[in-house]
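Presented below is the structure to which this report refers.
The values are calculated or read from the model by the stated rules, or taken from the named source; none is laboratory data. Please read these numbers as outputs of a predicted model, since none were measured by experiment. Every residue, glycine as well, gets a Cβ built from its backbone with ideal geometry; the counts of neighbours run over all protein chains shown. Keep in mind that these areas ignore ligands, DNA and RNA; they rest on the heavy atoms of the full protein, side chains included. Shrake-Rupley method; radii C 1.70, N 1.55, O 1.52, S 1.80 Å.
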Amino acid sequence: MVSLAQVGKDDVVVEIGAGHGDLTKALVEKAGHVYAIELDTSLRNYLDPLADQNKNLKVIYGNVLDIPLAQFSAGKGIKVVANIPYKITAPILFKLIGERPVIKSAHLTVQREIGERIASKPFNRSYGALSVICQLVAGTKILLYLKPGLFIPPPKVESAYVAMIFRNDGNDVDEEMAGFIKACFEHKRKHLRQALVRRYGEEKTTSLYASMGFLPSVRAEEIAPEKFKAMYALLNSMDEGSQ
């Protein structure tokens, strides 16, 4: 995992969910500095001795969702490497996306189904709103599939190790755009037009289809991420023009 994340001595790494410190030990050997975040203070017996033994490691006890990651960046981008808690995968993903100006990359072990959604391309069953949102801000790729037996305790599902290399190209997916993308996939097996008419009305939807060159039968799962960005911009410009 550390090797695939290309962690080196110049890197500042944030680990989410340090647990017993197995990944932490590997990170401190390679990284310039590691900030290991752990919610469970009962794991101090494992993590505090590690911090005592490694001057480039600092353990922070708390909820990662409440901790601004910019404080660790020291003026340069950080790398996030983590076996993240599966129950809060979505909040963690959206936190990383929201704080991406200070994050160069995130290499995350997630539930296999979620990993496939993050990296999926159009025309696949796993392609959805999460795919579009993640791919608008990052290059995404599944690097490894991991069997449950590799973990202690073993989860009930297979896992995937996913890379998200954040781009600095101005793609800004704010809450409103994310809401628009989610609405497009609300009934992903149905024609996209139905969802858009409910949200924007017949006239705007017809105008949008003409501008985008969409067939009436197009579905959200057939549309590439960048086109959702273009659709959102067009609909916003129609709203501005009607004011």
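How large a share of the accessible area of the stretch 137-211, in percent, is made up of carbon and sulfur atoms when the probe is 1.4 Å and the other protein chains stay in place? For the stretch 137-211, the apolar C and S fraction of the accessible surface comes to 55 percent.
The aspartates and glutamates within cross-link reach of Lys79, meaning a Cα-to-Cα straight distance under 16 Å and a gap of 8 or more places when in the same chain, are Asp10, Asp11, Glu15, Glu29, Glu99. Taking the centroid of alpha carbons for each part, the stretch 127-145 and the stretch 29-106 are 21 Å apart. The stretch 155-234 and the stretch 5-22 have their alpha-carbon centroids 33 Å apart.
Charges only on Cβ, +1 for Lys and Arg, -1 for Asp and Glu: so what's the dipole of the stretch 48-180 about the Cα centre, in debye to the nearest 20?
Working: 16 positive and 12 negative charges, 100 e Å.
In total the dipole reaches around 480 debye.
Amide H to amide H, with H built 1.01 Å from N, Leu146 comes under 5 Å of Ser159, Ala160, Tyr161, counting only residues 5 or more places away or on other chains.
Could you grab the relative contact order for the stretch 1-156? Cα pairs under 8 Å, six or more apart, rounded to a whole percent. List each step's numbers first, then the result.
On the way: 225 pairs, mean separation 29.2, N = 156.
Relative contact order of the stretch 1-156: 19 percent.
Placing Met212, Met177 in order of accessible area, with the largest value first and a 1.4 Å probe, yields Met212, Met177. Ranking Ile37, Gly179, Ser211 by how far each Cα lies toward the positive end of the dipole of the chain (charges on Cβ) leaves Ser211 at the top.
Amide H contacts of Asn83: Ile16, Thr109, each under 5 Å away and 5 or more positions distant or on a separate chain (H built 1.01 Å from N in the peptide plane; Pro and chain starts excluded).
For the chain, the fraction of C-alpha pairs more than 29 angstrom apart is 36%.
Using the structure shown, list the pairs from Lys147/Lys188; Lys9/Lys147; Lys121/Lys182; Lys141/Lys227; Lys58/Lys104 with a Cα-Cα distance above 24 Å, or answer none. Don't skip to the answer; put the middle values down first.
Values: Lys147/Lys188 30 Å; Lys9/Lys147 30 Å; Lys121/Lys182 16 Å; Lys141/Lys227 20 Å; Lys58/Lys104 20 Å.
Cα-Cα > 24 Å for Lys147/Lys188; Lys9/Lys147; rest within.
For the stretch 54-115, state which trypsin sites (Lys or Arg not before Pro) are in a DSSP loop and have at most 12 other beta carbons lying within 10 Å of their beta carbon.
On the way: sites: Lys55, Lys58, Lys76, Lys79, Lys87, Lys95, Lys104, Arg112; in loops: Lys55, Lys76.
Counting only loop positions with at most 12 other Cβ atoms within 10 Å, the trypsin sites (Lys or Arg not before Pro) in the stretch 54-115 are Lys55, Lys76.
For Lys190, a cut-off of 14 angstrom between C-alpha atoms picks up these aspartates and glutamates, skipping any fewer than 8 places away in its own chain: Glu221, Glu222. Kindly identify the stretch 59-167 as rounded, prolate or oblate by the Cα gyration tensor criterion: order the square roots of the eigenvalues as a ≥ b ≥ c, call it rounded if a/c is under 1.5, otherwise compare a/b with b/c, prolate if a/b is larger, else oblate. Judged from the Cα gyration tensor, the stretch 59-167 comes out oblate (a/c at least 1.5, b/c at or above a/b). Solvent exposure of Phe123, expressed as accessible area, is near 150 Å², computed with a probe of 1.4 Å over the protein chains only.
Quick check on the chain: of the DSSP beta bridges with both residues there, what percent are antiparallel, nearest 5%? Could the numbers behind the result be given before it?
Numbers: 15 of 34 bridges.
In the chain, DSSP labels about 45 percent of beta bridges as antiparallel.
Write down the accessible area per residue of the stretch 162-243 in Å², having rolled a 1.4 Å probe over the full set of protein chains. Ligands and nucleic acids excluded, the result is 57 Å² per residue. Taking amide H positions as modeled 1.01 Å from N, with prolines and chain starts lacking one, the residues under 5 Å from Asp11 and 5 or more places away or on another chain are Gly32, His33.
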